[in-house]
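The values are calculated or read from the model by the stated rules, or taken from the named source; none is laboratory data. Treat the numbers as computed from the prediction; the structure is a model and nothing was measured. For neighbour counting, all protein chains shown are included, and Cβ atoms are generated from backbone atoms with ideal geometry for every residue, glycine included. These area figures cover heavy atoms from the full protein model, side chains too; ligands, DNA and RNA do not enter into them. Shrake-Rupley method; radii C 1.70, N 1.55, O 1.52, S 1.80 Å.
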Amino acid sequence: MAKEHAIEFAGVGQRFDTDTGPLQALSDVSLRVAQHEFVAVLGPSGCGKSTLLRLTAGLLRASEGAVQVFGMPVTRPRDDIGIVFQQATLLPWANIEDNVLFPAKHMRGRVRAEDRARAREIIETVGLAGFETRFPGELSGGMQQRVGIARALFLNPDILLMDEPFSALDALTRDAMGYELLRLWQASPKTVLFITHSIPEAVLLADRILVMSARPGQVVADYTVPLPRPRDEHSLRAPEIQDFMGELRGLLIKKEPA
């Protein structure tokens, strides 16, 4: 039986009004993401990758075409979608537990005992047990991103949108966070739409990779990653995977704006 489509774009265009005139960010984007599928999006800077996430999350209304989540038109933000941004965007005056609890307080105006138990469980899941009462300024960049992921996972969303969540981290921390994300996704499968500029990161994490053109962004290639799961630090060294990454690199170079 075919999987239900968690995310579907049909002929989507997105235009923004700017001081210098209209700017077409996306043009005729059509794509489908199956439930529990991990899809990475690669493309040149400014091609509309983040706009894809904002449209999926209901933070934007499409200028043209239709965006659906689980078969329903997206008209507003949804509680079953979690978002992880490039920066953790934590509340500096709140400790780690209260940062993770922020969605519950925002939605219900109060925090229940079961919410605190859930927050501590998620904090332990992302490897931060013992840091519940620390403040963001006391944590490293990688630890702060783990808090951001924990906050996104707190409501157990069906869909997780990740906008270059590891881009500000050093190489070693970025690799560690990638493996941590794989572990979390395998333990609790979710539909993931993951924006990145890193080809190895996309190949390591994703079931499929979408490649976008320069602005106005369009999906110009859709690859199934030829790498079985489970994956580890040795997975990317296979000659056929190196060739696959080289093919992606060549395509992206062609898509970079002049």
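Annotation: PRO157 fulfils all but one of (1) part of a loop (DSSP other than H, G, I, E, B); (2) open to solvent by 10 Å² or more (accessible area, probe 1.4 Å); (3) under 18 Å from ILE7 (Cβ atoms); the unmet one is (2). Taking every residue in the stretch 237-252 that is within 12 Å of ALA202 (Cβ to Cβ) and pairing it with any residue that is modelled with pLDDT of 95 or more and loosely packed, with under 12 Cβ neighbours inside 10 Å, at least 6 positions away or on another chain, the pairs with Cβ-Cβ distances below 7 Å are PHE244/PRO226. Filtered by the rule that a residue be among the aliphatic types (A, V, I, L, M), more than 20 Å from the chain's Cα centre (by Cα) and within 22 Å of ILE195 (Cβ to Cβ), the stretch 228-251 gives LEU236, ILE241, MET245, LEU251. Within the stretch 146-163, if we keep just the residues that are of a type outside the set (A, V, I, L, M) and in contact with a helix residue (DSSP H, G or I) (Cβ under 8 Å, 6 or more places away or on another chain), the residue that is farthest from ARG108 (Cα to Cα) turns out to be ASP163.
Screening ALA62 on (1) in contact with a Leu (Cβ under 9 Å, 6 or more places away or on another chain); (2) closer than 30 Å to PHE135 by Cβ shows it passes everything except condition (2).
Listed here are the residues, each with its yes/no results for (1) surrounded by 12 or more Cβ atoms within 10 Å (Cβ to Cβ); (2) assigned to a strand (DSSP E or B).
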{"site": "MET162", "(1), (2)": "yes, yes"}
{"site": "PRO165", "(1), (2)": "yes, no"}
{"site": "ALA168", "(1), (2)": "yes, no"}
{"site": "ALA202", "(1), (2)": "yes, no"}
{"site": "ALA214", "(1), (2)": "yes, no"}
{"site": "PRO228", "(1), (2)": "no, no"}
{"site": "GLU233", "(1), (2)": "no, no"}
{"site": "LEU236", "(1), (2)": "yes, no"}
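Do we have any residue at all in the stretch 29-45 that's touching a residue at least 24 places away in the same chain (Cβ under 8 Å) and exposed (fewer than 15 other Cβ atoms within 10 Å of the Cβ)? Looking through the stretch 29-45, at least one residue is touching a residue at least 24 places away in the same chain (Cβ under 8 Å) and exposed (fewer than 15 other Cβ atoms within 10 Å of the Cβ). Residues of the stretch 238-258 that are among the polar types (S, T, N, Q) and either in contact with a Pro (Cβ under 6 Å, 6 or more places away or on another chain) or surrounded by 17 or more Cβ atoms within 10 Å (Cβ to Cβ) (or both): none at all. Taken residue by residue, the stretch 61-69 has at least one member that is within 17 Å of MET162 (Cβ to Cβ) and either β-branched (Val, Ile, Thr) or open to solvent by 40 Å² or more (accessible area, probe 1.4 Å) (or both). None of GLN186, GLN218 is under 18 Å from the mean Cα position of the chain (by Cα), farther than 21 Å from GLN242 by Cα and open to solvent by 50 Å² or more (accessible area, probe 1.4 Å) except GLN186. Out of everything in the stretch 70-112 that is at pLDDT 90 or above, aliphatic (A, V, I, L, M) and surrounded by fewer than 16 Cβ atoms within 10 Å (Cβ to Cβ), what residue ends up being nearest to LEU53 (Cα to Cα)? Step by step, filter the stretch 70-112, then rank; the result is MET72.
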